[in-house]
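The structure appears right after this line, and notes come after that.
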Amino acid sequence: MTAAAEGSRGVRWLRAVRWYLRELTGEAEYDRYCERHRRHHPLAPIPTRREYQTLRSLHREEHPQSRCC
């Protein structure tokens, strides 16, 4: 295997780890929210990450979901 192929494999592995950690911590969720917000409300200001977390917590409290496990 060439050095370029090994480097490419390492980059793909690091990207996969980064993606996994962003999904696990919820960081990617905020990014998706911002993209959706820009599409649907182009003139409205985008909430900061802290404001988003507050809105998300309020929504969860007001709309509880029952779970079996």
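The values are calculated or read from the model by the stated rules, or taken from the named source; none is laboratory data. Since this is a predicted model, take the numbers as computed values, not measurements. Please note: Cβ atoms are built from the backbone with ideal geometry, for glycine as well, and neighbour counts cover all protein chains shown. To get the accessible areas, we keep the full protein, side chains included, count just its heavy atoms, and leave off ligands, DNA and RNA. Shrake-Rupley method; radii C 1.70, N 1.55, O 1.52, S 1.80 Å.
Observations on the structure shown:
- Principal-axis tilt of helix 27-40 within the chain, Cα atoms, nearest 10 degrees: 60 degrees
- Using a simple spin-label model with pseudo-atoms 7 Å out from Cα toward Cβ, Q53 and Q65 lie 2.1 nm apart.
- Prolate/oblate/rounded call for the stretch 1-53, Cα gyration tensor, a/c under 1.5 rounded: prolate
- Here the chain exposes an accessible surface that is 57 percent carbon and sulfur, computed with a 1.4 Å probe and the other protein chains kept in place.
- Summed residue charge, Cβ within 12 Å of R56's Cβ, Lys/Arg positive, Asp/Glu negative: -1
- Estimated from the Cβ-Cβ distance and a Förster radius of 35 angstrom, the FRET efficiency linking C34 and V11 is about 0.85.
- Average accessible surface area per residue within the chain, 1.4 Å rolling probe, Å²: 93 Å²
- Only helical runs count toward this figure. For the chain, summing -39,500 (n - 2.57) over DSSP H runs of n ≥ 4 and dividing by all residues gives -25000 deg cm²/dmol at 222 nm.
- In the chain, the longest principal axis of the Cα atoms and the axis of helix 3-25 are about 20 degrees apart.
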